[in-house]
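Inspection log for the structure reproduced underneath, given as structure tokens.
The values are calculated or read from the model by the stated rules, or taken from the named source; none is laboratory data. Note that this is a predicted model, so its numbers are computed, not measured. Reconstructed Cβ throughout: ideal geometry from the backbone, glycine too, with neighbour counts over all protein chains shown. Note: accessible area is taken over every heavy atom of the protein model, side chains too, but ligands, DNA and RNA are not part of it. Shrake-Rupley method; radii C 1.70, N 1.55, O 1.52, S 1.80 Å.
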Amino acid sequence: TLVKQYILLPILLDVLERDINALKFVPLKMTIVYVKQLQHVQRQVHVDLVRVRKQMRTHGMKVYDEKKTKLGVEAQYVGRGYHHSFSLLWNLVKSELETLLSGYLGVDLDV
């Protein structure tokens, strides 16, 4: 779970940054409100990423190789002296990011 969050949270930060920059060029009446909300979510995600990194250090875990490929994201990490690999396909990454972001925004995707 920690490795998954370690991989997904920076991607979510990138998505949020891209969306914030895109919103600045869209002629909306309340652009500032949307931008401020996304910036607030960015700060929350950053705090969570710092927490995840600290928990990984505490548990002796370290991601030492992370690659973005055509198929998805792959990571190699060490935990308790053992080497492991972790991968997510892009479709799953998108789905996980939507779930994460909806949680930060308090939006129910099932409705």
Note to self, the chain gives a 222 nm [θ] from helices alone (DSSP H runs n ≥ 4, -39500 (n - 2.57) apiece, / all residues, nearest 500) of -20500 deg cm²/dmol
Cross-link pairs K24/K70; K4/K67; K36/K68 - those with Cα-Cα distance over 21 Å: K24/K70; K36/K68
What list of ³J(HN,Hα) values in whole Hz, one per residue of the range 32-43 in order, does the Karplus curve 6.51 cos²θ - 1.76 cosθ + 1.60 (θ = phi - 60°) give from phi, with Gly and Pro shown as x? 4, 5, 5, 5, 4, 5, 5, 5, 4, 4, 4, 5
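Charges at C-beta only: +1 for Lys and Arg, -1 for Asp and Glu. How large is the resulting dipole of the chain about its Cα centre, in Debye rounded to 20?
Working: 16 positive and 11 negative charges, 84 e Å.
The calculation lands at about 400 debye.
When the accessible area of the chain is split by element with a 1.4 Å probe, what percent falls to carbon and sulfur?
57 percent
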How much accessible area per residue does the chain have, counting only protein heavy atoms and a probe of 1.4 Å, in square angstrom? 71 Å²
